[in-house]
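Note sheet for the following structure.
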Amino acid sequence: MENDTVLETYSPKEYLDKHLVNNIALLAEANIQKGTFPFTKTPMQKNRNVISGHSLSSIQESELELSDSLNGNSEQKWIFASDSADLGLVLKDSAAPPVLLAANTPLLDFQQAYLLNQFTEKSIINAMNMTPKTKRQEILKGELIASMTENELSADEKEVSRCRKENFVKNYSTPEIKEKTKNTISEIKNLLALEPAEQKVFYTLHKYFSQQMGCDIKLENTASEADFKAALENLGAENFAKLLFHASSFTERLTHIGYSTEPVYSHTKPVLTHNKGFKSPKAASIGDRLFINQNIKKQPVIQRIPEHSRSSRNETRGL
């Protein structure tokens, strides 16, 4: 495997146009056909880089999740190609293509990332038992071993988890914040012209991401794989990807103290903020407009998934 740390640079718009939107649609369609679509099932573990411990957020999180479920994995462990090469990991013959991840920079640098279960078990064991030849290999080996053998969260991680859950409950129960969340939901529905069936898909995604973070919401009717398939066909690749984006971002924001757009979980402990690293470009809130309000030219790459506009904007009740 080549040590291909950086592949190419795009602007955020070019990244969305040329890769992310259509790849998410293709992965979703493949999962639905295979019966492995994750968002209608028990939530998978939160994704985690086995070397850095960082987790992807928002739209790239969904892309990795769809790729992971398609590969029959639920652990959501992943690694950059450059790190896997230095560890001597060997891909299985059946391994799927890597996921392209974008760094949060004005011009997005890209790295290839692989799911850990795409490598042979033997090569992973060999990497954990290797004799390092460089300081980098020594560090990578140590982090891989820690990731594979330590199941308990650190004290800081436990505190972050506790604060996120506490913020989630407060944001749902505080009247003035609850009104803000209703407005956010209403704006998402209007921007994507969601019909009632697709609104059910949104709430199902919201419930899934909430459970994944150790929280939960009450939802009487959840969307099925058939509902997601219909949403994919009706919304088209672009708006379906945006639907995933907003469900993930909205749920994440509910774990921020005071429903803030910035990922801060505690006023008293400034260290309790979202980890850095590779994530989607400025993926935060409706207010950013970066993703939802760009006039992105539709790319007819996926002919099976038609794009069309809607005139009706029926709404169901909010939160």
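The values are calculated or read from the model by the stated rules, or taken from the named source; none is laboratory data. Please read these numbers as outputs of a predicted model, since none were measured by experiment. Here the Cβ positions follow ideal geometry from the backbone for every residue, glycine too, while neighbour counts run over all protein chains shown. Surface accessibility is based on the protein's heavy atoms, side chains included, excluding ligands, DNA and RNA. Shrake-Rupley method; radii C 1.70, N 1.55, O 1.52, S 1.80 Å.
Of the residues that sit in the range 225-257 and are closer than 17 Å to T36 by Cα and not aliphatic (A, V, I, L, M), which one is nearest to the chain's Cα centre (by Cα)? Ranking the qualifying residues of the range 225-257, first place goes to F228.
Taking every residue in the range 112-136 that is within 26 Å of D68 (Cβ to Cβ) and at pLDDT 95 or above and pairing it with any residue that is open to solvent by 20 Å² or more (accessible area, probe 1.4 Å) and part of a helix (DSSP H, G or I), at least 6 positions away or on another chain, the pairs with Cβ-Cβ distances below 8 Å are I124/M148; A127/K141; M128/K141; M128/I145; M128/M148; M130/Q137; M130/K141. All conditions but one from (1) among the small types (G, A, S); (2) closer than 22 Å to E252 by Cβ; (3) without any contact (Cβ under 8 Å) to a residue 40 or more places away in the chain apply to G53; the one that does not is (3). For the range 191-203, the tally of residues that are within 9 Å of A247 (Cα to Cα) and not hydrophobic (A, V, I, L, M, F, W, C) stands at 1. For the range 185-205, the tally of residues that are open to solvent by 50 Å² or more (accessible area, probe 1.4 Å) and farther than 17 Å from A231 by Cβ stands at 1.
Please go through the range 210-257 and pick out each residue that is in contact with a strand residue (DSSP E or B) (Cβ under 9 Å, 6 or more places away or on another chain) and among the aliphatic types (A, V, I, L, M). Please lay out each step first, then the result.
Our first condition is that a residue be in contact with a strand residue (DSSP E or B) (Cβ under 9 Å, 6 or more places away or on another chain); within the range 210-257, this holds for 256-257.
The answer is I257, and nothing else.
From the set of residues in the range 206-251 that are part of a loop (DSSP other than H, G, I, E, B) and among the hydrophobic types (A, V, I, L, M, F, W, C), which is most open to solvent (accessible area, probe 1.4 Å)?
Applying the first criterion (part of a loop (DSSP other than H, G, I, E, B)) to the range 206-251 yields 213-224.
With among the hydrophobic types (A, V, I, L, M, F, W, C) added as a condition, the list becomes 213, 215, 217, 219, 223.
Values: M213: 26, C215: 16, I217: 23, L219: 48, A223: 6 Å².
Per the stated criteria, the residue is L219.
Applying the condition of being of a type in the set (S, T, N, Q) and without any contact (Cβ under 8 Å) to a residue 12 or more places away in the chain to the range 141-184 and asking which residue is least open to solvent (accessible area, probe 1.4 Å) yields T174.
Take S67 and decide whether it is modelled with pLDDT of 80 or more, farther than 27 Å from A231 by Cβ and hydroxyl-bearing (S, T, Y). No, not satisfied. Remark: pairs (first residue in the range 59-75, assigned to a loop (DSSP other than H, G, I, E, B); second residue open to solvent by 10 Å² or more (accessible area, probe 1.4 Å) and β-branched (V, I, T); Cβ separation under 8 Å; 6+ apart in sequence or on different chains) = G72/T36.
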